[in-house]
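Colleague: Structure below; questions to follow.
Read-outs: derived from the displayed coordinates by stated rules, not from any lab. Bear in mind that the values here come from a model prediction, so they are computed numbers and not experimental data. Neighbour counts are summed over all protein chains in view; Cβ atoms, including those assigned to glycine, are modelled from backbone coordinates with ideal geometry.
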Amino acid sequence: MRANKSEMSIRKNLRQRVGGGWAVVFYVPHHLRRLLDKREIVRGLGTTVLREANRRKTAKLAEIYREVMLKVDPVQLGIEEAKKYYPFPGWSQQDQTTSATTIAARR
């Protein structure tokens, strides 16, 4: 049985696991796949309820995005490409400081 259009949008970036729990799926952008050696990152949301999974997924996607950006070396990425991603608009001052420290340590 196929899901209808509204149900598909509710499940965007979500995957139901075998045990019934929900996980969020972060699709790694094409230009970062070679650097990270991954196409997607999957993290559990700790719930079996779709509505609760939808509520939790945004925060988890932002967390994964921050982790990805901390792993990516802006020098490898290129200056113009790096400007698109640093700093992430939702980052706190502490996140930005951590990111700057990590980047400086890699040089």
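Colleague: Once you put a point 7 Å from the Cα of residue 50 and another 7 Å from the Cα of residue 13, both along the Cβ direction, what distance in nm separates them?
Modeller: Simple spin-label model gives 1.8 nm for this pair.
Colleague: Using per-residue counts of other Cβ atoms within 10 Å, averaged over each peptide, order 58-68, 38-48 from highest down. If you can, show how the numbers build up before the last one.
Modeller: On the way: 58-68: 15.5, 38-48: 14.0.
Order by mean packing, descending: 58-68, 38-48.
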